[in-house]
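Here is the structure we will look at.
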Amino acid sequence: ISINESAETLQVSTMTIRRDLRRLAELGIVTLIHGGAVLNEGAASLPAVTAREQRMQKEKNTLATYCASLVKEGNAIYLDSGSTTKSIAEALLERQNIAVLTHSLPVMNILANARHLQLISIPGIYDANTKGFFGDMACRMIQNFQIDIAFLGISAIDAESGIMSANLQDQALKLALLEKARKKIIVTDHTKIGQRSFIRICPLTAIQQIITDPLADKNFIEKALRLGIEVVQV
């Protein structure tokens, strides 16, 4: 889009358009060019968590409440980075006698004052876009734990390509989690189902359960069930 044309169409100043486009660029939604901006789209595109957490919030809260109900006293769980797992953390605030491991800074901040659960932070190099800590240090730390349930967020998923990500660091960390978690659960709203992303993490059969909303693609669900994966729609 053009700054001048947008200002004329919307009847606002060019300064207002420039400010809004800068904000969209900070969120990873657009790339600024001379005189305007272009939309970031394609397999390698991933908006910042700040932008993603605004989408489908009601659905994410419902998914989070259900996920929290799966956690029993004495469980050690892992919360991935992402907007949906942030909602799960909020749903766990009043829980007792569980251990929560995470590399997500928003999850750490939410659970920092939860007195009756054990919070374990996974160290690494901070990525401002995903608001998480990644790298070899994070992957090696995960190897020290036995995890009952890993709640995994995703960029994209389909029956053929499996679970995908736009980030190589995210791929490495998820592979470490898949190795150490007893139960692997994908938590996603329907908008990410049937999408493709840059990097393949694993086939669909590497997980045991998918938790999604009622609008999830029926063909995908049927294929997942045929592969022996439990699908829960809430």
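A probe of 1.4 angstrom, applied to the heavy atoms of all protein chains, finds Thr84 with accessible area near 10 square angstrom. Each stretch of four or more DSSP H residues adds -39500 (n - 2.57); spread over every residue of the chain, this sum gives -10000 deg cm²/dmol at 222 nm. Net charge of the neighbourhood of Ile154, taken over other residues with C-beta under 11 Å away and scored Lys/Arg +1, Asp/Glu -1, is -2. Of the peptides 189-198, 1-10, the ranking by mean beta-carbon count within 10 Å, highest at the top, reads 189-198, 1-10.
This model, with +1 at the C-beta of Lys and Arg and -1 at the C-beta of Asp and Glu, gives the chain a dipole about its Cα centre of some 340 debye.
Distance between the 7 Å Cα→Cβ label points at Asp217 and Ser2: 3.7 nm.
For trypsin sites (Lys or Arg not before Pro), the sites in the stretch 69-153 that DSSP calls loop and that have at most 12 other Cβ atoms within 10 Å are Lys72, Arg115. If a paramagnetic tag sat 7 Å from the Cα of Lys180 along the Cα-Cβ line, which residues of the stretch 66-98 would have the backbone N under 12 Å from that point? So the set is 77-79.
What is the Rg over Rh value, at two decimals, for the chain, using alpha-carbon atoms and the Kirkwood definition of Rh? Could you put the intermediate results ahead of the total?
Working: Rg = 18.9 Å, Rh = 18.7 Å.
Rg/Rh: 1.01.
Of all beta bridges DSSP finds with both residues in the chain, what is the antiparallel percent, to the nearest 5? Roughly 40 percent of the DSSP beta bridges within the chain come out antiparallel. When the residues Met164, Met137 are ordered by accessible surface, computed with a 1.4 Å probe over the protein chains alone, the sequence from largest down reads Met137, Met164.
Distance between the modelled labels on Gln146 and Ala99, one decimal in nanometres: 1.0 nm (7 Å Cα→Cβ projection).
The values are calculated or read from the model by the stated rules, or taken from the named source; none is laboratory data. Values in this document were obtained by computation on a predicted structure and should not be read as measured data. Counting neighbours? That spans all protein chains shown, and the Cβs are built from the backbone with ideal geometry, glycine included. For the accessible areas, the whole protein counts, side chains as well, though only heavy atoms, and no ligand, DNA or RNA atoms are used. Shrake-Rupley method; radii C 1.70, N 1.55, O 1.52, S 1.80 Å.
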